[in-house]
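The values are calculated or read from the model by the stated rules, or taken from the named source; none is laboratory data. Source: prediction; values computed, not measured. Neighbour counts are summed over all protein chains in view; Cβ atoms, including those assigned to glycine, are modelled from backbone coordinates with ideal geometry.
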2 protein chains.
Amino acid sequence: MEEGFSVGEVAAKTGLTAYTLRWYEQVGLLDPIPRDHAGRRRYRLRDVERLDLLTKMRATGMPVREMVRYIELVRAGTHNRRERLELLEQHRTTVLRQISELERDLAVIDRKITRYRGYLDAEQTD
Amino acid sequence: MEEGFSVGEVAAKTGLTAYTLRWYEQVGLLDPIPRDHAGRRRYRLRDVERLDLLTKMRATGMPVREMVRYIELVRAGTHNRRERLELLEQHRTTVLRQISELERDLAVIDRKITRYRGYLDAEQTD
DNA sequence: GCTTGACTTCGAGTGCGCTCCAACTGCGAG
DNA sequence: CTCGCAGTTGGAGCGCACTCGAAGTCAAGC
């Protein structure tokens, strides 16, 4: 057993497909993954940890482009932490707005549901 | 001033583009919109009301395909109200899960934000 | 009467985020 | 030694939801 994880293992861990993992590397979301003697990827713990954050960013609707911007900051060194923080805080705000819009829109659908329940109850009493 | 609304007016009202409104009609989300003597669409109140619901469905992530399914039920008559209700209730559940996943994922991002704030505070004290 | 602007149609094009194909390589089990 | 499986590459393809281009029609204002 070698060090690190194969692309398949990481796919299983993260819920991403192997295709997607290779593509993430290609577009610059992951640093080049080290290879074993046969040229196969061995993901390190830090690669998987980064994926943990990346998948959360994606799942909350951050565009891949913006995730790439964030990773470029990470790669550029620690001096830009404030900028990274701002990016994350801005995303946080976006997600909070997203949630409240979902709640607001759901309320409209809920009213429709209530209406249908009313119709069906009325039929019932016939 | 004629009865009803032009495509541009409805676009302004709903936030959809005129392109999208025509496309919605084409894919069957809207019944054929009546035309004035020059062939221009005049949306009725009930068309706009339907769009109110449709935009909420879209905004909460319902795929267009499924919205079409719902509208087909509406067109088929009142006898399938139970089925429509079930469709809406299922969507409601989906949206609720969506919201809680957003909250869960945001928590991970929040932890990262807290970490960055810590770094920056530490720098500050130098 | 001419221009402007909003509308019409049809089909093609776009952006995003994957997703897959074909051809190939290397490893472990039987 | 062979089989099957998991991996490799580059580039093509896909599904979704729009979005737009081109060419034309009509009505109102100057």
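Tell me which residues, restricted to segment A:1-55, are over 21 Å from B:VAL108 (Cβ atoms), more than 9 Å from DNA strand C (Cβ to nearest atom), at pLDDT 95 or above and not charged (D, E, K, R).
Across segment A:1-55, the qualifying residues are A:SER6, A:VAL7, A:GLY8, A:GLY28, A:PRO32, A:ILE33, A:PRO34.
From the list A:ARG84, A:ARG65, A:ARG97, which one is more than 24 Å from B:ALA59 (Cβ to Cβ) and assigned to a helix (DSSP H, G or I)? Steps first, please.
Working: A:ARG65 fails: more than 24 Å from B:ALA59 (Cβ to Cβ); A:ARG97 fails: more than 24 Å from B:ALA59 (Cβ to Cβ).
Answer to the selection: A:ARG84.
Within segment A:18-66, restricting attention to residues that are among the small types (Gly, Ala, Ser) and within 14 Å of another protein chain (Cβ to nearest Cβ), which residue is nearest to DNA strand D (Cβ to nearest atom)?
A:GLY61
Can you tell me which residues in segment A:6-17 are part of a loop (DSSP other than H, G, I, E, B), within 12 Å of DNA strand D (Cβ to nearest atom) and within 30 Å of A:GLN98 (Cβ to Cβ)?
Within segment A:6-17, just A:THR17 meets the criteria.
Regarding A:GLU66, is this residue of a type in the set (Asp, Glu) and within 15 Å of DNA strand C (Cβ to nearest atom)? So that I can check it myself, show each step before the final result.
On the way: of a type in the set (Asp, Glu): yes; within 15 Å of DNA strand C (Cβ to nearest atom): yes.
It is true that A:GLU66 is of a type in the set (Asp, Glu) and within 15 Å of DNA strand C (Cβ to nearest atom).
If you check every pair at least six apart or on different chains, which have Cβ atoms under 7 Å apart with a residue in segment B:1-25 that is more than 11 Å from B:THR55 (Cβ to Cβ) first and a residue that is β-branched (Val, Ile, Thr) and within 9 Å of DNA strand D (Cβ to nearest atom) second?
Here the result reads B:ALA11/B:THR17, each pair linking segment B:1-25 to a residue that is β-branched (Val, Ile, Thr) and within 9 Å of DNA strand D (Cβ to nearest atom).
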